[in-house]
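*Asks:* Have a look at the structure that comes next, please.
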Amino acid sequence: CRRPHGRRVGVLLSARVLSFAAAYAGVWGVGAQIEGLEASLSPEISPECSLGLRKYVLCGAISGLFAICHEEQLFNNSKTLRQLIGCENEPQRCQEMCVRDVSSVTNESITSPCSADFQAMHGFSAPLNIFTMGQIDQEKNSTKAAFFPLPNIKNLGGASLISYGEPSHCAEIPSAHYCVLSGQLQMAGAISSSFALGACLPKVCSERELKSILSNQNLQRLKPKVQCDLVRPKAPAMGTSAIVEDKLGWGGIPVYYPYKLQYTTGFVVTVSLILVLVAFAFVGTALDVRRESKKQLLERARAAAQSSDALTIGGRGLEAALPLRVADDTTQLPQLTAVEGFFNHWSLLRNGRSLLRTRPKSQNDFACLDAIRTFSMAQVILGHSFIYCMSSAGYANMEQFSPPHGLLGDFWFQVVPGCFYGVDTFFVMSGFLCAYGLQKKVFHRPENRRPARFSLKYIQFALLRWLRLIPAEMFCILFVVNVLPFLGTGILWNTEKANGSYCYESAGAGECSQNWWANLLFIQDLDHFLGRCMGHTWYLANDFQLYLTAPFFALVYSMDKRAGWGFLAVVLIGALVIPMAQTAQNNWVPEIMAGAMAGFDKQFYMKPWCRAPAFLIGIAMGWSWPWLHERFQGGPRSGRSKALGWLWAIIGVGLCCLATFGRMAFWQCEFAACSDPVKSPVPRFWQYVWAGFSIAAWCVGLAIIMMLCFLNRFLPLWQGFMHLPMWQPLAKLSYSAYLIHTSILILDFCQREAPVAYSPSAFAFNFVSFTICSLLAAMVVYMLVEKPACNLQMKVFGSGGG
């Protein structure tokens, strides 16, 4: 290193010495590996495959050793290498002895490096890093080495190894095909992990032959699974690409990801249904446009006739006393025929006007509900953007979320897990509108309180709600199960996981083919059906079940208001106590993510009795509104009244913030400790309080904000923003957006070739794009299914159908 250019030469030699030592010592291991490979090959393996695998395994060693054995300067300047080879006394024979020793071990000539295509296969395969640690051998009372692949991803369920290499480049090698090896492995102690590794392997080995190799009993504990031909070239290399391919083993050619799915009857039926709905929309729109054109022509003709009559009257003096001619039926727009009326329900012109129609605040006391509904839908998409990524592509840097110093322990990040209150907002609005509507339209008539009449109204009430929800939900289930699998592509999309599922099934298609009827009956929140079909629709089951209780509260209230309030109070107290009792009985940490491992999410978060406080608070709002409107209508009339309104606004916002950011206390510890109710930094008493009152705090705060907005007493700028007409069309799309948004998320996450690396800006951009795409997809569902179904319902049942 003291010679000229010493630093550069010294670094180079040091690196090569280490490489040589590792390669020369490791070549014996390669020989053993080859012997083990050949021993494991069954008679089903063709000689071509056996030879190809041998060349593939030896390629790295041969290329490295060729570089070492044919580097004369390396031997002349390194006494260590000469000693390793045994040529320190005969440096002129070092190369010869190096070549001889390596050839005797590998049975391969190293007069040239490995061929370019095999070197490219290694380059485009996923790297496999081996981690070594000491393990106690209890029988021999000694320490032995334990080896396992080094995981590169840490998620909430443990560590995993996921690396797909470069599949598109692998497909550009004519003699190779791309395969994914996946399975489960048991590491040191009780630590287990899943793995998925991309490998660029010789094409002479078919997928069947590779599976035969993995059928070795010694490998079955890994539950190995191999899948090949997931990516293919579109055409052979030509021109410059062919020259590059000849030199480097691969050329720059386009590739594609072939589908392994077969078109099913369900796919044909669903696509046919979509085409029929599109045809209905086309016919209905065309008929509506023609009718609009006729209407305009008739109006112009009528205007021209009236103008002509006026001129006649003005120019004939006494003739003006003559009777005017009566327009015949030809100037009247004819009634819609039955066929035209049917197709008119799908008219894009009619439904588009309905979507874009807005009402000013002066005609709608509840105008701010549209903004709140839109915000809540955005909350749901934001929360699911975080959760669905973990269940599909996964996070490459999951440790960024690890508490207490990661994002889960950060104050502002609580907005993301706080998004789970979005469904509670929907429950509050549902309870409010239901209670208010029942009192105003049904139970103000004494005859509707009689048993027979009440029973009839109750059946109508339940049927109309079922008809309102079910068409769009069933359509989305058909789409997710039968069409969504054909819309994506890529390695992650087409690779079967170790458990036999596919990434795209994370959108909810899992077991829909067997359990769709549970969604039809709105019982998908029962333990047996939970998460089996469109898992996020547990909310619809909760909402429908709570909705069915509303008429009973309304009936008692209409008979005796004090009895109604008492009944509501008793049920609300029970709904607050039950979550606390469940938390104590099941030893839960009452936080959706911290308690997920113990079943808190399925046994608490998705159950109607734990969501009942939100719906009951909404009912209380519906009963209170007429009295509040009568007393405080017209907005604040004095400075004291305005100050009081602002004070209540601060209380409402403060309660919502407390429910959102208060969960930060649960994350001031390591994740395992945060999931343990004893080790949690939150005392057990306050855990019970949080379980019973966190949802109620959010809902009471929201109820205060809603009431202040209805009375024009909320914070002025924010109230004006919430009363903007633009929220009304977006709110009408919220139901369809709720149903379809998980498909949008999965279409992005499952078409990536690597786990998602979290960054704040990327997360924000993804959220915005997911929201926009979900609204666009929801518009399609709204125009083709949801709104036409509502139109038909209105046609059959009249205004009550709304």
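*Asks:* So how far, in whole Å, is the C-alpha centre of segment 398-443 from the one of segment 721-754?
*Replies:* 16
*Asks:* Evaluate E = 1/(1 + (r/R0)^6) for Lys144 and Val577, where r is the Cβ-Cβ distance and R0 equals 51 Å; express this FRET efficiency to the nearest 0.05.
*Replies:* 0.35
*Asks:* On to the next question. If amide H atoms are built 1.01 Å from N in the plane of the peptide, which residues on other chains or at least 5 residues away come under 5 Å of the amide H of Ala196?
*Replies:* Leu161, Ile162, Ser163
*Asks:* Let me ask another. Quick check: net charge around Pro471, other residues with Cβ under 13 Å of its Cβ, Lys/Arg +1 and Asp/Glu -1?
*Replies:* So the surrounding residues net to +1.
*Asks:* Sort Trp646, Trp412 by accessible area with a 1.4 Å probe, largest first. Before the final figure, lay out each step's value.
*Replies:* On the way: Trp646 110, Trp412 175 Å².
So the residues, ranked largest to smallest area, are Trp412, Trp646.
*Asks:* So, R0 is 30 Å and r is the distance between the beta-carbons of Trp609 and Trp718; what FRET efficiency does that work out to, to 0.05?
*Replies:* 0.35
*Asks:* Once each part is reduced to its C-alpha centroid, what is the distance from segment 470-492 to segment 501-565 in angstrom?
*Replies:* Taking the Cα centre of each part, segment 470-492 and segment 501-565 sit 21 Å apart.
*Asks:* Could you pull the accessible area for Ser641 with a 1.4 Å probe, rounded to 10 Å²?
*Replies:* 30
*Asks:* Can I ask one more? When the expected Rg is taken as 2.2 N^0.38 Å, what fraction or multiple of it is the alpha-carbon Rg of segment 254-307?
*Replies:* 2.28
*Asks:* Sticking with this structure for a sec: Taking the simple approach of a point 7 Å from Cα along Cα-to-Cβ for both Ile651 and Thr80, what is their distance in nm?
*Replies:* Distance between the two pseudo-spin positions: 7.7 nm.
*Asks:* Could you tell me the accessible area of Thr240 in Å² (1.4 Å probe, neighbours in place), rounded to the nearest ten?
*Replies:* The accessible area of Thr240 comes to roughly 100 Å².
*Asks:* Could you give the angle, 0 to 90 degrees to the nearest 10, between helix 608-632's Cα long axis and the longest principal axis of the Cα atoms of the chain?
*Replies:* Tilt relative to the chain: about 40 degrees.
*Asks:* Explain nothing, just the number: dipole magnitude of the chain about its Cα centre with +1 on each Lys and Arg Cβ and -1 on each Asp and Glu Cβ, in debye rounded to the nearest 20. Numbers along the way, then the final one.
*Replies:* Details: 66 positive and 51 negative charges, 633 e Å.
In total the dipole reaches around 3040 debye.
*Asks:* Once both labels are modelled 7 Å past Cα along the beta-carbon direction, what's the Phe375-Leu792 spacing in nm?
*Replies:* For the pair Phe375/Leu792, the computed spacing is 3.7 nm.
*Asks:* Over every pair of different alpha-carbon atoms in segment 567-648, take the mean of 1/r and invert it; report that Kirkwood radius in Å.
*Replies:* This gives a value of 15.5 Å.
*Asks:* Right, here's the next one. At His528 and Glu96, where each label point lies 7 Å from the Cα along Cα→Cβ, what is the point-to-point distance in nanometres?
*Replies:* Going from the His528 label point to the Glu96 one covers 8.3 nm.
*Asks:* For the Cα atoms of the chain, what angle does the longest principal axis make with the long axis of helix 561-586, in degrees from 0 to 90, nearest 10?
*Replies:* 10
*Asks:* Taking 0.36 nm per residue of sequence separation and subtracting the Cα-Cα distance, how much length would be gained by fully extending the chain between His629 and Phe567, in nm to one decimal?
*Replies:* Values: separation 62, 0.36 × 62 = 22.32 nm, distance 2.36 nm.
Additional length available on full extension: 20.0 nm.
*Asks:* Relative to the longest principal axis of the chain, what angle (0 to 90°, nearest 10) does the C-alpha long axis of helix 368-391 take?
*Replies:* 20
*Asks:* If you don't mind, another one. Whole-Hz Karplus ³J(HN,Hα) for segment 550-560, in order, using 6.51 cos²θ - 1.76 cosθ + 1.60 and θ = phi - 60°, x for Gly and Pro?
*Replies:* For segment 550-560, the Karplus curve yields 4, x, 5, 5, 5, 5, 5, 5, 5, 7, 7 Hz.
*Asks:* For the full complex of protein chains and a 1.4 angstrom probe, list Met779, Met707, Met238, Met664 by accessible area with the highest value first.
*Replies:* Descending accessible area places them as Met238, Met779, Met664, Met707.
*Asks:* Right, next: What is the calculated FRET efficiency for Tyr259 to Lys223, with r their C-beta to C-beta distance and R₀ = 25 Å, to the nearest 0.05? Before the final figure, lay out the partial values.
*Replies:* Working: r = 25 Å, r/R0 = 1.01.
It comes to 0.50.
*Asks:* Next question. Multiply the residue separation of Ala242 and Leu298 by 0.36 nm, subtract the distance between their alpha-carbon atoms, and state the gained length in nm to one decimal.
*Replies:* Full extension of this stretch gives 13.2 nm more.
*Asks:* Let me ask another. Which far-off residues, 5 or more places away or on another chain, put their amide H under 5 Å from the one on Val255, with H placed in the peptide plane?
*Replies:* Under 5 Å from the amide H of Val255: Lys234.
*Asks:* Still on this structure: When only Cα pairs under 8 Å and 6 or more residues apart are kept, what is the percent relative contact order across the chain?
*Replies:* Normalised by residue count, the contact order of the chain is 14 percent.
*Asks:* Starting from one equal scatterer on each C-alpha and no solvent at all, send me the Debye-based log10 I(q)/I(0) for segment 62-103 at q = 0.30 Å⁻¹, two decimals.
*Replies:* Each listed q maps to, in turn, -1.11.
*Asks:* On the accessible surface of the chain, probed at 1.4 Å, how many percent belong to carbon and sulfur atoms? It would help to have the intermediate numbers written out before the result.
*Replies:* Numbers: 25030 of 40000 Å².
Answer for the chain is 63 percent, counting heavy atoms of protein chains only.
*Asks:* So how compact is the chain: Cα radius of gyration and Dmax in angstrom?
*Replies:* For the chain, the Cα radius of gyration and maximum Cα-Cα distance read 35.6, 140 Å.
*Asks:* Multiplying the sequence separation of Asn364 and Arg449 by 0.36 nm and subtracting their Cα-Cα distance, what value in nm do you get? Can you show the working numbers first?
*Replies:* Values: separation 85, 0.36 × 85 = 30.60 nm, distance 2.88 nm.
Extra length from Asn364 to Arg449 when fully extended: 27.7 nm.
The values are calculated or read from the model by the stated rules, or taken from the named source; none is laboratory data. Just so it is clear, the model here is predicted, and its values are computed rather than measured. Here Cβ is always computed from backbone atoms with ideal geometry, including for glycine, and neighbour counts include all displayed protein chains. These accessible areas exclude ligands, DNA and RNA; they are computed on the full protein's heavy atoms, side chains included. Shrake-Rupley method; radii C 1.70, N 1.55, O 1.52, S 1.80 Å.
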